[in-house]
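A.B. asks: Dropping the structure in here first, questions after.
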Amino acid sequence: MKLEKVTKRWYDDACGTALAMELVGERWSLLIVRELMFGARRFGELKAALGGISANVLTQRLEGMEAAHILRRKKLPPPANVQVYELTSWGYEAEGAIKALGAWAARSPDHNPMLPLSAASMMLSLRTMIDVAKARETQGMTVGFTFGLESFVARLVDGDLPVVRGTGAADVHFATSPRIMANMIYGKWPIEEAEAAGELVFSGNRDLARRFIDLFRLPAKAEVE
């Protein structure tokens, strides 16, 4: 009996969607790409952000996506002198697909925006759920975020919200957890209540902060047929 040849390819299909599934369709792969959207990360940082992933699985996924040219390893110069992982230029192009997939999945009746999420996930969510028309009316606002040891600066530019890691001057600044930030953005939990509960340290213009929070909405839930 002739045995079928076993290969690493999942599908015998020329469709780009099939190839995309082979590239990032394994569990955790797309979330690793998400975590790298705002710059290079160390192995330990990726593992900490992806609660539940084992070191062995993370290693396998990183090696697979490196072989597929989605990401690469590099060593930072002294004094850091550590190995990090970063997306290739082509890897960064996956952002549009991740945002579209996230917006689509958020319409599921089963989506719960109050579940835990990483700092990178929170920032990518903001880039996905922003109301472009409203954002164009709020040009130039700069917003800082501190989630534990991770900091980001976002700036409203022509309806978009470019985000970079790091600190800098900002009109408003939120120091909290990603989960609380999501509750404020999507649950519309008032700034003052989050402060009173000890969940937020806020600085800056409160009126601007409220305008910023009002720029984001989750999509309507899909009707179940």
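A.B. asks: Taking residue 191, is it β-branched (Val, Ile, Thr) and either out of contact with any strand residue (DSSP E or B) (no Cβ under 8 Å at 6 or more places or on another chain) or touching a residue at least 40 places away in the same chain (Cβ under 8 Å) (or both)? It would help to see each step written out before you state the result.
C.D. replies: Working: β-branched (Val, Ile, Thr): yes; either out of contact with any strand residue (DSSP E or B) (no Cβ under 8 Å at 6 or more places or on another chain) or touching a residue at least 40 places away in the same chain (Cβ under 8 Å) (or both): no.
Considered against the rule, which asks whether it is β-branched (Val, Ile, Thr) and either out of contact with any strand residue (DSSP E or B) (no Cβ under 8 Å at 6 or more places or on another chain) or touching a residue at least 40 places away in the same chain (Cβ under 8 Å) (or both), residue 191 comes out as no.
A.B. asks: Let me ask something else. If you check residue 24 against the conditions, is it surrounded by 10 or more Cβ atoms within 10 Å (Cβ to Cβ) and touching a helix residue (DSSP H, G or I) at 6+ places or on another chain (Cβ under 6 Å)? Talk me through it step by step, then tell me what you get.
C.D. replies: Details: surrounded by 10 or more Cβ atoms within 10 Å (Cβ to Cβ): yes; touching a helix residue (DSSP H, G or I) at 6+ places or on another chain (Cβ under 6 Å): yes.
Yes: the conditions hold for residue 24.
To keep it simple, each residue is scored yes or no on (1) surrounded by 15 or more Cβ atoms within 10 Å (Cβ to Cβ); (2) at pLDDT below 95; (3) not hydroxyl-bearing (Ser, Thr, Tyr).
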site: 40; (1), (2), (3): yes, no, yes
site: 50; (1), (2), (3): yes, no, yes
site: 70; (1), (2), (3): yes, no, yes
site: 77; (1), (2), (3): no, yes, yes
site: 90; (1), (2), (3): no, no, yes
site: 115; (1), (2), (3): no, yes, yes
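A.B. asks: Could you tell me whether residue 97 is closer than 30 Å to residue 183 by Cβ and either loosely packed, with under 15 Cβ neighbours inside 10 Å or under 17 Å from the mean Cα position of the chain (by Cα) (or both)?
C.D. replies: Details: closer than 30 Å to residue 183 by Cβ: yes; either loosely packed, with under 15 Cβ neighbours inside 10 Å or under 17 Å from the mean Cα position of the chain (by Cα) (or both): yes.
Yes, satisfied.
A.B. asks: Which one is farthest from residue 33 (Cα to Cα), of the residues in the range 117-148 that are among the charged types (D, E, K, R) and surrounded by 15 or more Cβ atoms within 10 Å (Cβ to Cβ)? Steps first, please.
C.D. replies: Narrowing the range 117-148 to residues among the charged types (D, E, K, R): 127, 131, 134, 136-137.
Within this subset, residues satisfying the condition of being surrounded by 15 or more Cβ atoms within 10 Å (Cβ to Cβ) are 127, 134.
Values: 127: 15, 134: 29 Å.
Across the range 117-148, the extreme among qualifying residues is 134.
A.B. asks: Let me ask something else about it. Could you check the range 38-71 and list, in sequence order, the residues that are closer than 15 Å to residue 94 by Cα and in contact with a Ser or Thr (Cβ under 7 Å, 6 or more places away or on another chain)?
C.D. replies: Hits for the range 38-71 are 65, 69, 70, 71.
A.B. asks: Among the residues in the range 58-68, are any more than 12 Å from residue 33 (Cα to Cα), touching a residue at least 24 places away in the same chain (Cβ under 8 Å) and either among the basic types (Lys, Arg) or in a loop (DSSP other than H, G, I, E, B) (or both)?
C.D. replies: The answer is yes, given that some residue of the range 58-68 is more than 12 Å from residue 33 (Cα to Cα), touching a residue at least 24 places away in the same chain (Cβ under 8 Å) and either among the basic types (Lys, Arg) or in a loop (DSSP other than H, G, I, E, B) (or both).
Listed here are the residues, each with its yes/no results for (1) of a type in the set (S, T, N, Q); (2) closer than 29 Å to residue 154 by Cβ; (3) in the same structural domain as residue 125 (by TED's automatic domain parsing); (4) assigned to a loop (DSSP other than H, G, I, E, B).
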residue: 20; (1), (2), (3), (4): no, yes, no, no
residue: 27; (1), (2), (3), (4): no, no, no, yes
residue: 32; (1), (2), (3), (4): no, yes, no, no
residue: 45; (1), (2), (3), (4): no, yes, no, no
residue: 53; (1), (2), (3), (4): no, yes, no, yes
residue: 79; (1), (2), (3), (4): no, yes, no, yes
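A.B. asks: What number of residues within the range 107-132 satisfy the criterion of being assigned to a helix (DSSP H, G or I) and hydrophobic (A, V, I, L, M, F, W, C)?
C.D. replies: Of the range 107-132, the ones assigned to a helix (DSSP H, G or I) are 119-129, 132.
Now drop any that are not hydrophobic (A, V, I, L, M, F, W, C), which leaves 119-120, 122-124, 126, 129, 132.
Counting residues in the range 107-132 that are assigned to a helix (DSSP H, G or I) and hydrophobic (A, V, I, L, M, F, W, C) gives 8.
A.B. asks: Quickly run through the range 180-197 and pick out the residues that are surrounded by fewer than 16 Cβ atoms within 10 Å (Cβ to Cβ) and either basic (Lys, Arg) or in a helix (DSSP H, G or I) (or both). If you could, list the steps in order and put the result at the bottom.
C.D. replies: Step one: of the range 180-197, the residues surrounded by fewer than 16 Cβ atoms within 10 Å (Cβ to Cβ) are 187-188, 190, 192-193, 195-197.
Those that are surrounded by fewer than 16 Cβ atoms within 10 Å (Cβ to Cβ) and either basic (Lys, Arg) or in a helix (DSSP H, G or I) (or both): 188, 192, 193, 195, 196.
A.B. asks: Residue by residue through the range 138-160, note down the ones that are part of a loop (DSSP other than H, G, I, E, B) and in contact with a Gly (Cβ under 8 Å, 6 or more places away or on another chain). It would help to see each step written out before you state the result.
C.D. replies: Let us first name the residues in the range 138-160 that are part of a loop (DSSP other than H, G, I, E, B), namely 138-141, 148-149, 156, 158-159.
Residue satisfying the conditions is 156 alone.
A.B. asks: I'd like to check something: does the range 81-89 contain any residue that is within 27 Å of residue 125 (Cβ to Cβ), touching a Leu at 6+ places or on another chain (Cβ under 9 Å), in a helix (DSSP H, G or I) and not acidic (Asp, Glu)?
C.D. replies: No.
The values are calculated or read from the model by the stated rules, or taken from the named source; none is laboratory data. All of these numbers come straight from a predicted model, not from anything done at the bench. Here Cβ is always computed from backbone atoms with ideal geometry, including for glycine, and neighbour counts include all displayed protein chains.
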